[in-house]
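Asks: Pasting a structure below so you can have a look.
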Amino acid sequence: MGKSEARPKGYGGGDVGGSGSPGKIFVGGLPRDTTLATFQKHFGNYGEIVDSVIMKNKQTSQPRGFGFITYSDPAIVDKVMEDTHVINGKQVEIKRTIPKDYMQSNPKDFRTKKIFVGGLPPILTEDDLKDFFEKYGAVVEHQIMRDHQTRRSRGFGFVVFESEEVVDDLLANGNMIDLAGSKKSSTRKPDDGYDF
């Protein structure tokens with residue numbers, strides 16, 4: 001089990017789907033049969049799209065169930081966030097992304113109680129995840145993300161602590177944590193990015 005990936009909440013995958021832009025949104029919970037044309041048509045109703053991507057598994061080229069839309073005008077994001085969005089009969093989740101360079105230059109503005117944990121071993125249970133992170137502070141929510149059809153772990157999850165200080169202390173020495181004998185990473189997440 002190798003290194004895992006850590007992303008701050010709201011970090012839309014770096015340069016994937018366009019650079020971190022104030023006009024960029026994360027779209028989660030996409031039905032697997034959503035085409036790029038359907039995706040663009042739905043969100044194009046709000047304004048001019050300058051970039052869009054539905055993320056796919058590198059090995060299988062199958063959709064991963066989320067994507068990103070970047071609008072030419074950041075003000076459009078506010079309109080998009082106000083509405084409920086249903087694509088191919090399924091309600092999807094919309095989150096505003098925060099540009100990576102802004103986060104790096106203003107890290108104190110991004111305090112949170114929630115972390116993303118990547119690279120989880122497939123045998124790790126929800127209880128194992130909670131038990132491990134409770135040694136750092138009180139855990140109020142935790143979830144391992146699972147494939148909707150097979151219920152197998154997707155290798156990442158989220159942990160919400162009772163206080164922001166726990167996250168600050170946890171990440172004070174970097175974002176790699178040894179979990180179940182392999183290096184795992186976790187990182188702070190601003191309150192308006194990828195969520196449960």
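Asks: Please work out which residue is surrounded by the fewest Cβ atoms within 10 Å (Cβ to Cβ), limiting yourself to segment 154-176 and to residues that are closer than 29 Å to residue 62 by Cβ and at pLDDT below 80.
Replies: 176
Asks: If we scan segment 92-99, do we find a residue that is over 30 Å from residue 166 (Cα atoms), in a loop (DSSP other than H, G, I, E, B) and at pLDDT 85 or above?
Replies: Narrowing segment 92-99 to residues over 30 Å from residue 166 (Cα atoms): 92.
Imposing the further condition that a residue be in a loop (DSSP other than H, G, I, E, B) reduces the set to none.
No, segment 92-99 contains no residue that is over 30 Å from residue 166 (Cα atoms), in a loop (DSSP other than H, G, I, E, B) and at pLDDT 85 or above.
Asks: When you go through 49, 69 one by one, which is the residue that is under 27 Å from residue 153 (Cα atoms) and in contact with a strand residue (DSSP E or B) (Cβ under 7 Å, 6 or more places away or on another chain)?
Replies: From the options 49, 69, the qualifying one is 69.
Asks: Ok, one more. Considering segment 43-69 alone, what residues qualify as being surrounded by 18 or more Cβ atoms within 10 Å (Cβ to Cβ) and in a helix (DSSP H, G or I)?
Replies: 43
Asks: Would it be correct to say that residue 54 is outside the structural domain of residue 124 (by TED's automatic domain parsing), closer than 30 Å to residue 153 by Cβ and modelled with pLDDT of 90 or more?
Replies: Answer is yes for this residue.
Asks: Any chance you could count how many residues in segment 137-148 are part of a loop (DSSP other than H, G, I, E, B) and modelled with pLDDT of 90 or more?
Replies: Number satisfying all stated conditions: 2.
Asks: Here are 111, 151: which of them is in a loop (DSSP other than H, G, I, E, B), surrounded by fewer than 19 Cβ atoms within 10 Å (Cβ to Cβ) and at pLDDT 85 or above?
Replies: Values: 111 fails: at pLDDT 85 or above.
From the options 111, 151, the qualifying one is 151.
The values are calculated or read from the model by the stated rules, or taken from the named source; none is laboratory data. These numbers come from a predicted model, not from an experiment. Using ideal geometry, Cβ is built from the backbone for each residue, glycine included, and neighbour counts are taken over all protein chains shown.
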